[in-house]
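For reference, the structure is listed below as structure tokens.
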Amino acid sequence: MKELVEYIAKSLVDDPEKVVVREIEGSNSVILELSVAPDDMGRVIGRNGRVANAMRTLLKVMAAKQGKRVNLEIV
């Protein structure tokens, strides 16, 4: 899941080297923290949060197949 978030974020931003994804794993849940350059924050969030919500939806589908819960936080 971490790789998917990295791939999507690096495809969207102007400065892909500043994309950092941290994975915090619990017993049956995973928290992914995505941080990008301040100039690219709007690209990752999207208008009205549509890009961020689309990424969250993809992650929830992947996590459901693995029997886990996932939460994406954009820092």
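Throughout, read-outs are computed from the coordinates displayed, never taken from laboratory work. Keep in mind that this is a model prediction, so the values were computed, not measured. Ideal geometry is used to build each Cβ from the backbone, glycine not excepted, and the neighbour counts take in all protein chains shown.
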Evaluate the following for K60: is it among the basic types (K, R) and closer than 15 Å to M1 by Cα?
yes
Selection from segment 42-56 of residues free of Cβ contacts under 8 Å to residues at least 24 places away in the same chain, more than 11 Å from L72 (Cβ to Cβ) and in contact with a helix residue (DSSP H, G or I) (Cβ under 8 Å, 6 or more places away or on another chain) yields G46
Quick test for you: out of L58, L34, L4, pick the one residue that is surrounded by 11 or more Cβ atoms within 10 Å (Cβ to Cβ), among the hydrophobic types (A, V, I, L, M, F, W, C), within 10 Å of the chain's Cα centre (by Cα) and assigned to a strand (DSSP E or B).
L34
Kindly check whether there is at least one residue in segment 7-16 that is surrounded by 11 or more Cβ atoms within 10 Å (Cβ to Cβ), in contact with a Leu (Cβ under 7 Å, 6 or more places away or on another chain), of a type in the set (D, E) and not in a helix (DSSP H, G or I).
no
Give segment 23-54 a look and list any residue that's more than 14 Å from S11 (Cβ to Cβ) and among the hydrophobic types (A, V, I, L, M, F, W, C), or say none.
I24, V30, I31, L32, A37, M41, I45, A52
